[in-house]
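Here's the structure we're looking at; comments come further down.
The values are calculated or read from the model by the stated rules, or taken from the named source; none is laboratory data. Computed from a predicted model, the values in this text were never measured in an experiment. Methodologically, a virtual Cβ is constructed for each residue, glycine included, from the backbone with ideal geometry; neighbour enumeration extends over all protein chains shown.
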């Protein structure tokens with residue numbers, strides 16, 4: 001099985017297909033498996049890499065390094081080790097934060113960013129981080145079981161919600177450290193200087209991260225656009241995979257066109 005040792009931890013990844021590279025980053029506590037509905041669509045004409053970032057899925061659960069800086073450092077090591085040629089990084093939820101930071105800090109190594117229902121600055125303004133962290137310490141299973149259904153739009157299959165809960169409970173407790181730093185994170189001052197293209201894809205009915213968040217970020221970022229996935233909550237790639245895949249393909253085409261125009 002494909003494992004990579006980086007920065008004193010071990011990451012599980014999958015690498016399939018050939019063509020322009022895509023690097024998919026999942027959200028808090030889940031795994032690269034959340035992109036299962038995207039693999040058949042994109043491996044035919046792209047090199048697609050999914051990874052379980054540290055503390056999650058099939059990767060190791062280290063005590064240290066569970067911060068945005070730690071994950072971004074891991075992803076840069078992964079990009080280098082796999083010799084990915086300026087991948088477009090597609091990140092979901094907090095994974096969109098990691099993708100955005102990769103674009104901001106390492107534009108020479110990233111071809112573009114797609115932020116999928118990204119948290120951005122919202123945890124510092126609209127999420128009860130201290131309450132969530134306390135709930136996870138006192139009753140992890142109960143807190144996750146109560147919180148996760150709110151991620152999805154009404155009518156979502158219970159099996160999908162249950163699977164997400166199981167993934168999170170299987171991940172390590174040390175990823176909770178992300179809550180300690182999320183309250184201070186705000187990319188908006190840096191977005192006007194972003195040197196790679198970024199596109200925002202967001203669920204119309206997302207309650208954890210309202211639509212005002214990507215719209216505010218896009219307004220600050222030259223050339224950025226917001227695509228709305230109708231009828232979806234916080235996980236549009238899972239809830240509305242056909243619509244999401246079409247929107248992602250269109251975003252990738254725009255990025256490729258813009259890159260060609262400036263070459």
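Just one of the listed residues (180, 141, 145) is at pLDDT below 95, in contact with a helix residue (DSSP H, G or I) (Cβ under 8 Å, 6 or more places away or on another chain) and over 21 Å from residue 212 (Cα atoms), and it is 180.
Per this entry, residue 110 is not counted among residues that are surrounded by fewer than 22 Cβ atoms within 10 Å (Cβ to Cβ), touching a helix residue (DSSP H, G or I) at 6+ places or on another chain (Cβ under 6 Å), at pLDDT 95 or above and closer than 30 Å to residue 18 by Cβ. One residue stands out in segment 24-66 among those that are part of a strand (DSSP E or B) and touching a helix residue (DSSP H, G or I) at 6+ places or on another chain (Cβ under 7 Å): the one that is farthest from residue 164 (Cα to Cα), namely 48. Screening segment 216-229 for residues that are in contact with a helix residue (DSSP H, G or I) (Cβ under 6 Å, 6 or more places away or on another chain) and part of a strand (DSSP E or B) and picking the one that is surrounded by the most Cβ atoms within 10 Å (Cβ to Cβ) gives 229. Screening residue 193 on (1) exposed (fewer than 15 other Cβ atoms within 10 Å of the Cβ); (2) within 18 Å of residue 134 (Cα to Cα) shows it passes everything except condition (2). Taking the stated definitions as given, is residue 115 at positive phi and in contact with a helix residue (DSSP H, G or I) (Cβ under 6 Å, 6 or more places away or on another chain)? So residue 115 does not fit the description; no.
Can you pull out the residues in segment 67-94 that are crowded, with 24+ Cβ neighbours inside 10 Å and outside any strand (DSSP E or B)? Those that are crowded, with 24+ Cβ neighbours inside 10 Å and outside any strand (DSSP E or B): 71, 75, 87, 93, 94.
The numbered conditions (1) closer than 27 Å to residue 227 by Cα; (2) assigned to a helix (DSSP H, G or I); (3) free of Cβ contacts under 8 Å to residues at least 12 places away in the same chain are all true for residue 155 except (2). When segment 95-112 is filtered for residues that are in a helix (DSSP H, G or I) and in contact with a strand residue (DSSP E or B) (Cβ under 8 Å, 6 or more places away or on another chain), the ones remaining, listed by number, are 95, 96, 97, 98, 99, 100, 102, 103.
Considering only residues that are free of Cβ contacts under 8 Å to residues at least 24 places away in the same chain, surrounded by 13 or more Cβ atoms within 10 Å (Cβ to Cβ) and closer than 25 Å to residue 239 by Cα, which ones fall in segment 127-152? If the condition is that a residue be free of Cβ contacts under 8 Å to residues at least 24 places away in the same chain, surrounded by 13 or more Cβ atoms within 10 Å (Cβ to Cβ) and closer than 25 Å to residue 239 by Cα, then 143, 145, 147, 148, 149 are the ones that fit. Applying the set (1) surrounded by 15 or more Cβ atoms within 10 Å (Cβ to Cβ); (2) at pLDDT 95 or above; (3) part of a helix (DSSP H, G or I); (4) touching a strand residue (DSSP E or B) at 6+ places or on another chain (Cβ under 9 Å) to residue 232 leaves exactly one unmet item: (3). Residue 18 satisfies every condition listed in (1) assigned to a loop (DSSP other than H, G, I, E, B); (2) within 16 Å of the chain's Cα centre (by Cα) except (2).
Residue by residue, here is whether (1) farther than 30 Å from residue 144 by Cα; (2) part of a strand (DSSP E or B); (3) in contact (Cβ under 8 Å) with a residue 12 or more places away in the chain holds:
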{"site": "166", "(1), (2), (3)": "no, no, no"}
{"site": "192", "(1), (2), (3)": "yes, no, yes"}
{"site": "206", "(1), (2), (3)": "no, no, yes"}
{"site": "214", "(1), (2), (3)": "no, no, yes"}
{"site": "237", "(1), (2), (3)": "no, no, yes"}
{"site": "244", "(1), (2), (3)": "no, no, yes"}
{"site": "250", "(1), (2), (3)": "yes, no, yes"}
{"site": "256", "(1), (2), (3)": "yes, no, yes"}
